[in-house]
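Only one structure is covered here, and it is reproduced in the block below.
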Amino acid sequence: MKPLKHLPAWKTLEQHHKAMRDFDMRAAFREDAQRFDNLSLRCGNLLLDFSKNRVTTETMQHLMQLARESDLEAMRAAMCRGERINFTEKRAVLHVALRAPVRPPLVVEGVDVEAGVAKVLGRMQHFVESIHNGSWLGHTGKPIRDVVNIGIGGSDLGPAMVCHALDHYAVENLRVHFVSNLDPAHLASTLKSLDPETTLFIVASKTFTTLETLANANSAKAWLLAALRAPAAVARHFVALSTNQPAVEAFGIDPDNMFIFWDWVGGRYSLWSAIGLSIALQIGWGNFQALLAGAHAMDVHFKEAPLEANMPVILGMLGIWYANFWGTDTYGVFPYDQRLRLLVPFLQQLDMESNGKNVNRANKLVNYNTGPIVWGAPGTNGQHAFFELVHQGTRLIPTDFLVAAVNHTPLADQHEWLLANCLAQTEALLKGKSRAVIEAELIAQGMSREEAKALAPHKVFPGNRPSNTLLYQKLDPHTLGMLIALYEHKVFVQGVIWQINSFDQWGVELGKQLAPPIRAALSSVRVIGEHDGSTLGLIADIRRRRGL
Ligand code: F6P
């Protein structure tokens, strides 16, 4: 593997960036009436407008050349064939196999992966329908009215995000809740309004060893048993989603109440697997299938469209352009869609756990920036909080704006204002407002020339700031599936360019290892252990507060 910075296209892009330093998007729009047409793309009902970026068609050609020299197409094929591209964990990466509607056999190392997927989906469908039609009853004979998904990270963020996004598709008479935090407040506040006789717990954990999930699941079990006073109740009120059957059984859940998935499903890519059970319970089986179908449509586009007309590739390569050539550190995501309020936390795990890496596939430290800091919030709320920095701060921040053409909740003309605000923000980022215009406005309003001169610099919008706009018809299951898969593949593209393994997560391990001795030191009189001065000071303070 040739080092990234030695690739000819990288060197070309370095030169090209020098020539682009003073590129002004406003002039580019003035000079090229076709700019929007040339730098936008449709896939199904999704429109990606990337014309408000510091790029020309030449920039895009160089970026696509970098993708080719990075063997993106071969890596994509290797992923879809089920090669063990997650080489540090020796695992295949096959979330795309979870959402193919027609399932020709996909034999990976002697196992028909698609047959296994179809079997689990069949069991999930049966279970979902039995909850919905009331044939699955709680221990005391009452139908299930509340479902609590207990999981964290990928076993929480994906399903929670989708359930919030599609709450307008929710079936009647069933509420789905999510508990993830180790903080007992999360479980306690959720249980407060629930009736043990009509509550089902889904324990969602790929490994079934995760501290937070097992702690919450044990507390939930104790709550249930305290109320129903019969160990047999667990069988009617607990199901598990996991790859680890022995641990599920050790917890006390019958394997008949377990929905399996496989080590080739990464946690942050798992909402399409059994981990999506809470989604199917909330929106019904047909809508869950529509979600999978939307993701599959994006998979097909990703696999078949030429790189130049490939949405995940374009989004991914634009991110490379800013992170590696313009030196941006962060990337903002602003869904103008309240239902997508959990998209940012979901993308934070998807992107940062995948591409927050500093060692490449040749096991060497990289000498360039990898995954950006992902942040954001729904519009218009973000406008009244942090947009000041996006417009007038000293940092260049690439951004994605997402918005539906049509709202499911047509209250008065609020959606028109939402759309208008979304477009206005990207227009403001692009156009800015010059000092001369502001001074003239202030003088016209009656301000003296001196006062106007002093105030104007504070009111200047530099403009020429980049944004992508993703416009979709309305937020339905199919569209949401497409959007999520779009971001999954974008993250894959960037990982390939950066020559890193996007599918492991060793960076989460150290903190987990250090927690048990600290926990012991907090309460035991004798054990303190070896810690740095700061940690020792904090432990001592906590112990003092406890009178130890
Ligand atoms: O600690 C990080 C992590 O392993 C994530 O990658 C994963 O999504 C999450 O914890 C939960 O893991 P599990 O599903 O095994 O409980």
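Figure legend. Inter-residue proximity from region 3-21: first residues closer than 20 Å to residue 328 by Cβ and open to solvent by 20 Å² or more (accessible area, probe 1.4 Å), second residues aromatic (Phe, Trp, Tyr) and not in a helix (DSSP H, G or I), beta-carbon distance below 8 Å, spacing 6+ or different chains. Indicated pairs: 5/368. Say we look at region 198-213 and pick out the residues that are in contact with a helix residue (DSSP H, G or I) (Cβ under 7 Å, 6 or more places away or on another chain) and of a type outside the set (S, T, N, Q); which of these is farthest from the ligand (Cβ to nearest atom)? Only one residue tops the list, namely 200.
Just one of the listed residues (181, 216) is surrounded by fewer than 21 Cβ atoms within 10 Å (Cβ to Cβ), within 16 Å of the ligand (Cβ to nearest atom) and not aliphatic (A, V, I, L, M), and it is 181.
For region 374-385, the count of residues that are away from the ligand (no atom under 16 Å from the Cβ) and closer than 26 Å to residue 94 by Cα is zero. Filter region 139-148 down to the residues that are closer than 27 Å to residue 270 by Cβ and outside any strand (DSSP E or B), then identify the one that is nearest to the ligand (Cβ to nearest atom). Filtering first and then ranking leaves 144. Can you confirm whether region 189-201 contains a residue that is farther than 30 Å from residue 99 by Cα, under 28 Å from the mean Cα position of the chain (by Cα) and open to solvent by 60 Å² or more (accessible area, probe 1.4 Å)? Yes, because at least one residue in region 189-201 is farther than 30 Å from residue 99 by Cα, under 28 Å from the mean Cα position of the chain (by Cα) and open to solvent by 60 Å² or more (accessible area, probe 1.4 Å).
With respect to the stated conditions, residue 367 fails to be surrounded by fewer than 19 Cβ atoms within 10 Å (Cβ to Cβ) and either without any contact (Cβ under 8 Å) to a residue 24 or more places away in the chain or touching a strand residue (DSSP E or B) at 6+ places or on another chain (Cβ under 9 Å) (or both). Among the residues here, residue 262 does not qualify as buried (at least 23 other Cβ atoms within 10 Å of the Cβ) and assigned to a loop (DSSP other than H, G, I, E, B). A single entry from 334, 302, 288 fulfils the requirement of being in contact (Cβ under 8 Å) with a residue 60 or more places away in the chain, closer than 22 Å to residue 503 by Cβ and outside any loop (DSSP other than H, G, I, E, B): 302. For residue 123, the criteria (1) in a loop (DSSP other than H, G, I, E, B); (2) under 17 Å from residue 262 (Cα atoms); (3) open to solvent by 40 Å² or more (accessible area, probe 1.4 Å) hold in every case but one, which is (1).
A single member of 268, 236 is touching a Gly at 6+ places or on another chain (Cβ under 6 Å) and farther than 30 Å from residue 81 by Cβ, and it is 236. Among the residues of region 219-266, those that are over 20 Å from residue 281 (Cα atoms), within 13 Å of the ligand (Cβ to nearest atom) and of a type in the set (A, V, I, L, M) comprise 247, 248, 265. If I filter region 448-468 for residues that are surrounded by 22 or more Cβ atoms within 10 Å (Cβ to Cβ), among the small types (Gly, Ala, Ser), over 30 Å from residue 282 (Cα atoms) and more than 16 Å from the ligand (Cβ to nearest atom), do I get at least one hit? Taking every residue of region 448-468 in turn, at least one turns out to be surrounded by 22 or more Cβ atoms within 10 Å (Cβ to Cβ), among the small types (Gly, Ala, Ser), over 30 Å from residue 282 (Cα atoms) and more than 16 Å from the ligand (Cβ to nearest atom). For residues that are part of a helix (DSSP H, G or I) and β-branched (Val, Ile, Thr), scanning just region 227-259, find the one that is farthest from the chain's Cα centre (by Cα). Of everything passing the filter in region 227-259, 234 is farthest from the chain's Cα centre (by Cα).
For region 379-399, residues that are open to solvent by 20 Å² or more (accessible area, probe 1.4 Å) and not aromatic (Phe, Trp, Tyr) total 11. When region 338-359 is filtered for residues that are open to solvent by less than 20 Å² (accessible area, probe 1.4 Å) and more than 16 Å from the ligand (Cβ to nearest atom), the ones remaining, listed by number, are 340, 343, 344.
One line per residue, one yes/no per condition, for (1) open to solvent by 10 Å² or more (accessible area, probe 1.4 Å); (2) hydrophobic (A, V, I, L, M, F, W, C):
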| position | (1), (2) |
| --- | --- |
| 289 | yes, no |
| 298 | no, yes |
| 303 | yes, no |
| 307 | no, yes |
| 310 | no, no |
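If you go through region 149-178 and keep only what is in a helix (DSSP H, G or I), away from the ligand (no atom under 13 Å from the Cβ) and open to solvent by 30 Å² or more (accessible area, probe 1.4 Å), you end up with 164, 167, 168, 169.
To keep it simple, each residue is scored yes or no on (1) assigned to a loop (DSSP other than H, G, I, E, B); (2) out of contact with any helix residue (DSSP H, G or I) (no Cβ under 8 Å at 6 or more places or on another chain); (3) more than 15 Å from residue 262 (Cβ to Cβ); (4) free of Cβ contacts under 8 Å to residues at least 24 places away in the same chain.
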{"site": "55", "(1), (2), (3), (4)": "yes, no, yes, no"}
{"site": "59", "(1), (2), (3), (4)": "no, no, yes, no"}
{"site": "67", "(1), (2), (3), (4)": "no, no, yes, no"}
{"site": "76", "(1), (2), (3), (4)": "no, no, yes, no"}
{"site": "80", "(1), (2), (3), (4)": "no, no, yes, no"}
{"site": "88", "(1), (2), (3), (4)": "yes, no, yes, no"}
{"site": "116", "(1), (2), (3), (4)": "no, yes, no, no"}
{"site": "129", "(1), (2), (3), (4)": "no, no, yes, no"}
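The values are calculated or read from the model by the stated rules, or taken from the named source; none is laboratory data. Values in this document were obtained by computation on a predicted structure and should not be read as measured data. As a convention, Cβ positions derive from the backbone with ideal geometry for all residues, glycine included, and neighbour counts pool all protein chains shown. All accessible areas refer to the heavy atoms of the entire protein, side chains included, with ligands and DNA or RNA removed. Shrake-Rupley method; radii C 1.70, N 1.55, O 1.52, S 1.80 Å.
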